[in-house]
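The values are calculated or read from the model by the stated rules, or taken from the named source; none is laboratory data. Computed from a prediction, not measured in an experiment: that's the story for all the values here. Please note: Cβ atoms are built from the backbone with ideal geometry, for glycine as well, and neighbour counts cover all protein chains shown.
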């Protein structure tokens, strides 16, 4: 029983990082109605970013995080201009394919350079003992950093003018344009933030588990499940849903092979989409104006 | 009458060219045409959902893989002949897709696209754990199974002709659907599903039919393809690369047209062949596909056929 | 004889807002019924409730004797009820003829493709688009798109046509033409339920008027009677003493 509890608690820690990743998706989805299918590639980019920085400079993985965040921000802005800008307002199919194509390019380049070998980032911290079980220090650190980053995002969105502008554009882009907000720049910024979140969550995951160039896929899938569970455009929901998913994985992994957990998460994904289009947590932090 | 329209005969001509080109002995040409035929089959059937109804099926490979599994299993473990195995595969996969469709076709746009990936992943996970189908190791077929078809060499030719036939049927299916009331409804759904419903288009039923129809021929093609290789495993059968390439091909050639997927398949295969032989680019297959797709989506969403039709509108009388 | 369309005690709530409440009215065969009311009165919602876009919370909708309450739009259309939208929604990638063919294929008569094209052509000619059958819907003017929306709905040869502000955004000449078209449609045997803000138009076209305010029926009757009803004047102009006798 304690074993199960330990597994669940550990799941919650890891789940918070999933929540962080999902915040990246929900931010872009909420602000510009675009599903970012390069999310997985950006998570992998974060992983390799840390790996390369640690390898090149010998700093600890955690010290590399700010650099990864900054790089993610730039990458996201670039992604906006390369693939998304022309797709705003077009049928969702088109922006989907646009971000998908960038994903193909990135993963293709990644496999060309690094193959499909497993990589590891050296990161170890003293763990926390609870009876017979030790919670890995890395897991605790990852959860703590997630809280810090999520907190910073909140402060930005709710306590700064720029954050308010982002929320305005999310609520009603035309109205925001009319009151003088430079919507295109805000969209680019939001994209930058979303990708930065993906990269930094990838960086954190790299301290927890080994990874390959192709790992992005399964984390992207998890991110989408979490996003949908938490409700589109709802960052709190994403975080909570991430923790919930981690909880579920903690409960399930002792009992079934890993490949089945992914299947169940998918079935959950489809069921939630059909039954609760607003996500399990239907409280939306930013209301979207709907013209009827 | 459809038979009087030139395009009907153009398709027929294409089939003849495919069948006759290797002249019964050029194996290298046959293999390359076989791959093209597979691409055309996958792309044309994908087009029913993507080009007509506007629903992207990222995981369409699941039909191909499942069809392969059904056929290989029926032939290897149950000892059935090729014909019945292919038929069982095709019908089973169509029925299964109807079942999946009931669930995921309620979703629109993006959600549907993501769900199709999920379906593929779920089926792959299931098959990987399904011992009667060889689990993660897969199923090997003994070469003895080629005997009833006249030995391995002859069997490969038969398989090729059958695949060409499946390709032809796919093109004809696309054509008949587009010229039918069913096609009108699908195209309306693709333009504006809600407005179509208000006009009386029975959207749920039509989408389910299109999804199921788009599964049949790829399933049979999968059966032929994996029988030919005498081996099937989950990693190959459900590899998203092929369905991704099918999407790129359809968009490249022109979604919603019939000739588009065929043209796109031909060009893509040429490109791919060149890339594979070029020393610098052999690892960059998907990169090139990605760049292509990005450019098409942003600058030429109608694909090549879209560009041709804009330049020469009269072409629409002969091609579709 | 029983009515073609019967709306009985219809109600719909959106969150805290009662968009439509206890609404009852009927449309007779061959009749033009006008639905008017200030902005936000719930008129388009009534349309959405009738043709199945939303399911009502309470009440019943009967069409040609059958209960269509909460039925999905495509089933309602198949029974012979067609509808246009306030914000036109043409199939942008198709031509005028192709747009109308969609309507003709899936309406009450369930026509095969060839006959559907013929019916589509007729409807397009009736609304005055006969010279532009092969034009892409994208290239039409607003007036053209409104006529296309109308033709598309007509192609299904419905028994009842619901028009949602079909005159909005048209200049006076176009309005006059559209009024003639609406009359011609009624002559051909189709009953019409129309929402309209242009008072003069709807008062002269309608046989019967229903006035909605805040989701509830305020008044009902022949146009002249409704126009001089003080409650109606108050709802529109705010002061029942301002009875001018006529709309704009």
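A few notes on this one:
To keep it simple, each residue is scored yes or no on (1) surrounded by 21 or more Cβ atoms within 10 Å (Cβ to Cβ); (2) more than 16 Å from residue B:93 (Cα to Cα).
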residue	(1), (2)
B:183	no, yes
B:186	yes, yes
B:192	no, yes
B:196	yes, yes
B:200	yes, yes
B:204	no, yes
B:208	no, no
B:220	yes, no
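- Among (1) more than 10 Å from every other protein chain (Cβ to nearest Cβ); (2) more than 22 Å from the chain's Cα centre (by Cα) - the single one residue C:125 does not satisfy: (2)
- Any hit, the range A:121-129, residues being farther than 20 Å from residue A:220 by Cβ, away from chain B (no Cβ under 11 Å) and buried (at least 17 other Cβ atoms within 10 Å of the Cβ): yes
- Scanning the range C:194-211 for residues that are within 16 Å of residue C:46 (Cα to Cα) and crowded, with 18+ Cβ neighbours inside 10 Å yields a count of 6.
- Subset of the range B:101-122 (residues that are more than 8 Å from chain A (Cβ to nearest Cβ) and over 18 Å from the mean Cα position of the chain (by Cα)): B:102, B:105, B:108, B:112
- Qualifying residues in the range C:98-120 (those that are surrounded by fewer than 19 Cβ atoms within 10 Å (Cβ to Cβ) and more than 22 Å from the chain's Cα centre (by Cα)) - the one nearest to the other protein chains (Cβ to nearest Cβ): C:113
- Residues (at the interface with chain B (Cβ under 7 Å from one of its Cβ atoms) and surrounded by fewer than 21 Cβ atoms within 10 Å (Cβ to Cβ)) located in the range C:79-93: C:89, C:92, C:93
- For the range A:4-34, a residue qualifies if it is surrounded by 23 or more Cβ atoms within 10 Å (Cβ to Cβ) and assigned to a loop (DSSP other than H, G, I, E, B), and exactly one does: A:34.
- Residue match in the range A:64-73 (condition: crowded, with 18+ Cβ neighbours inside 10 Å, part of a helix (DSSP H, G or I), within 13 Å of chain B (Cβ to nearest Cβ) and modelled with pLDDT of 85 or more): no
- Residue check for residue B:125: within 14 Å of chain A (Cβ to nearest Cβ), without any contact (Cβ under 8 Å) to a residue 40 or more places away in the chain and crowded, with 21+ Cβ neighbours inside 10 Å: yes
- Scanning the range C:65-78 for residues that are in contact (Cβ under 8 Å) with a residue 24 or more places away in the chain and facing chain B (nearest Cβ under 9 Å) gives C:74, C:76, C:77, C:78.
- Of the residues making up the range B:280-320, those that are outside any helix (DSSP H, G or I) and either more than 9 Å from chain A (Cβ to nearest Cβ) or within 30 Å of residue A:114 (Cβ to Cβ) (or both) are B:280, B:281, B:282, B:283, B:284, B:300, B:302, B:312, B:318, B:319, B:320.
- Which numbered condition residue B:146 misses (of (1) assigned to a helix (DSSP H, G or I); (2) over 23 Å from the mean Cα position of the chain (by Cα); (3) surrounded by fewer than 21 Cβ atoms within 10 Å (Cβ to Cβ)): (3)
- Only residues that are more than 8 Å from every other protein chain (Cβ to nearest Cβ) and part of a loop (DSSP other than H, G, I, E, B) were counted in the range A:91-120, giving 5.
- Looking only at residues of the range B:255-266 that are more than 14 Å from chain A (Cβ to nearest Cβ) and outside any helix (DSSP H, G or I), we find that the one that is surrounded by the most Cβ atoms within 10 Å (Cβ to Cβ) is B:258.
- Matching residues in the range B:25-50 - criterion: being surrounded by 12 or more Cβ atoms within 10 Å (Cβ to Cβ) and outside any helix (DSSP H, G or I): B:26
- On the stretch given as the range A:137-155, residues that are free of Cβ contacts under 8 Å to residues at least 24 places away in the same chain and surrounded by 15 or more Cβ atoms within 10 Å (Cβ to Cβ) total 1.
- Per the listing A:84, A:149, A:88, the residue uniquely modelled with pLDDT of 90 or more and within 14 Å of chain B (Cβ to nearest Cβ) is A:84.
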